[in-house]
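Undergrad: The structure is given below, and queries will be raised subsequently.
Every read-out reported here was derived from the displayed coordinates using simple, explicitly stated rules and does not represent laboratory data. Quantities reported herein were computed from a predicted structural model and do not represent experimental measurements. As a convention, Cβ positions derive from the backbone with ideal geometry for all residues, glycine included, and neighbour counts pool all protein chains shown.
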């Protein structure tokens, strides 16, 4: 499991005082209000930044970092990813998982036959969809619903699924 979890991407600067517009990659954009620090991946290194201010504009978070006080300080970070440590991540409810933790789970059917590896999670309006790459190279989509996803065993990195009628057609 990854130690860092992505929460956003700096899309552009906002004004001239060092603020940035952040596209959230987390379910709740308002979680930025609760964060005291964030980790910026520059591509060469990871820098911990203290959050000085948070505002919201449409679906974006506008962040101000301590010590980065003008547009020239922050402009070079456009397009860079922002992360939190697992300790600063939101608390999950039962049967909730971070997408980063689901990727590369081995997927098995009800009879414990190996099917393939979970390669992607597609977020839709109703429920997530798990993309599984079968051994034969096929990509199969499983809806993340109780009737289909029978068990997720994070400790052993396994997922058990029910193959619904018509799913493999």
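Undergrad: How much of the calculated P(r) for the range 4-88 lies past 15 Å, in percent of all Cα pairs? Display every interim value, and only then the final one.
TA: Details: 1800 of 3570 pairs.
Result: 50 percent of Cα pairs exceed 15 Å.
Undergrad: Could you quote the convex hull projected area for the range 99-161, Cα atoms only and averaged over all directions, in nm²? Working shown, then result.
TA: Numbers: hull surface 16.2 nm².
Result: a mean projected hull area of 4.1 nm².
Undergrad: From the helices alone, meaning DSSP H stretches of at least four residues, give me the mean residue ellipticity at 222 nm for the chain, per-run term -39500 (n - 2.57), in deg cm²/dmol to the nearest 500.
TA: On the way: 2 runs with 8 residues, N = 169.
About -500 deg cm²/dmol.
Undergrad: Still on this model: Taking the structure as given and computing volume of the Cα convex hull per residue in Å³, which label from (i) 119; (ii) 107; (iii) 140 fits?
TA: (iii)
Undergrad: How far apart, in nm, are two points set 7 Å out from the Cα along the Cα-to-Cβ line at residue 114 and at residue 126?
TA: 3.3 nm
Undergrad: Please report the spacing between the Cα centers of the range 1-50 and the range 67-138 in Å, no decimals.
TA: 17 Å
Undergrad: Among 56-66, 121-131, how do they line up from the highest to the lowest mean number of other beta-carbon atoms within 10 Å? Show your work: numbers first, answer last.
TA: Values: 56-66: 15.6, 121-131: 13.4.
With the highest mean Cβ count within 10 Å placed first, the list reads 56-66, 121-131.
Undergrad: Follow-up question, since we're still on this one. Let me have the relative contact order for the chain, percent, based on Cα pairs under 8 Å that are six or more residues apart.
TA: Working: 323 pairs, mean separation 31.0, N = 169.
Rounded, it is 18 percent for the chain.
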